[in-house]
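The values are calculated or read from the model by the stated rules, or taken from the named source; none is laboratory data. Model, not experiment: these values are computed from the prediction. No Cβ is skipped: glycine too gets one built from the backbone with ideal geometry, and neighbour counts run over all protein chains shown. All accessible areas refer to the heavy atoms of the entire protein, side chains included, with ligands and DNA or RNA removed. Shrake-Rupley method; radii C 1.70, N 1.55, O 1.52, S 1.80 Å.
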Amino acid sequence: MIKDHLLEIKNTLPDHVTLVAVSKTKPDEDLMEAYAAGQRIFGENKVQEMVGKWERLPKDIKWHMIGHLQRNKVKYMAEFVDLIHGVDSFRLLAEINKKAAQNKRTIDCLLQIHIAEEDTKFGLDKEELKAILISEEYHQLKNINVVGLMGMATFTDDETQVRREFKQLKSIFDTIKSENPQITILSMGMSGDYQMAIEEGSTMVRIGSSIFGKRNY
């Protein structure tokens, strides 16, 4: 079943869109079924769970940290994480840089932008984003690469609102990209809204329940 769902989604994605299979709470067997079908990028939102899976599963898997990240957890995954989606402060970026340097690595990051009308979502606003990217402190960080932006739309059935929030993020992305050519990834869209996100310019979608089924909490 997982294989069928995965291939069905992959067949609908344009070539320029990367699929992150969101495997949080799912057992190793489910990930291995997706792996056997060719999936290599998996997203987790809890560091400990991701570390355990990294230790047990094939080493050519690329692990994306997609959840809210606390600074004191960075050290556990700095050795292997491929991309960190939800970087929502300069202090977190600096900590990732520090731990990456200790592991003799450079870690790719996405800066999370707050676009939802919900207070529960994390992220930077447009001015905070610009302030980071032009700051002297940011340019001294040699062990991180900010390669794109990420955002989460409001959890609502109002498609007009969701589309408006995606358009807002795409507009910020276009502005920032024109001044920072290394910024190429726009991560927006999940199981319920990824097709709309792609229409609005997403280059990376985070899909869990449509591949693996409902989560087990």
> Any idea which of (1) open to solvent by 60 Å² or more (accessible area, probe 1.4 Å); (2) at pLDDT below 95 is the one T106 doesn't satisfy?
Replying inline: (2)
>> Go through (1) open to solvent by 60 Å² or more (accessible area, probe 1.4 Å); (2) part of a loop (DSSP other than H, G, I, E, B); (3) in contact (Cβ under 8 Å) with a residue 12 or more places away in the chain for D119 and report which single condition fails.
In response: (3)
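So is L69 touching a strand residue (DSSP E or B) at 6+ places or on another chain (Cβ under 7 Å), farther than 24 Å from H5 by Cβ, of a type in the set (A, V, I, L, M, F, W, C) and open to solvent by less than 30 Å² (accessible area, probe 1.4 Å) or not?
When the stated conditions are applied, L69 passes them.
For G123, state whether it is within 16 Å of I84 (Cβ to Cβ), at pLDDT 95 or above and of a type outside the set (S, T, Y). Give the derivation first.
Details: within 16 Å of I84 (Cβ to Cβ): yes; at pLDDT 95 or above: no; of a type outside the set (S, T, Y): yes.
Answer is no for this residue.
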>> I'm checking my understanding of the structure. Among residues of region 1-56 that are within 21 Å of G67 (Cα to Cα) and among the hydroxyl-bearing types (S, T, Y), which one is modelled with the lowest pLDDT?
In response: T25
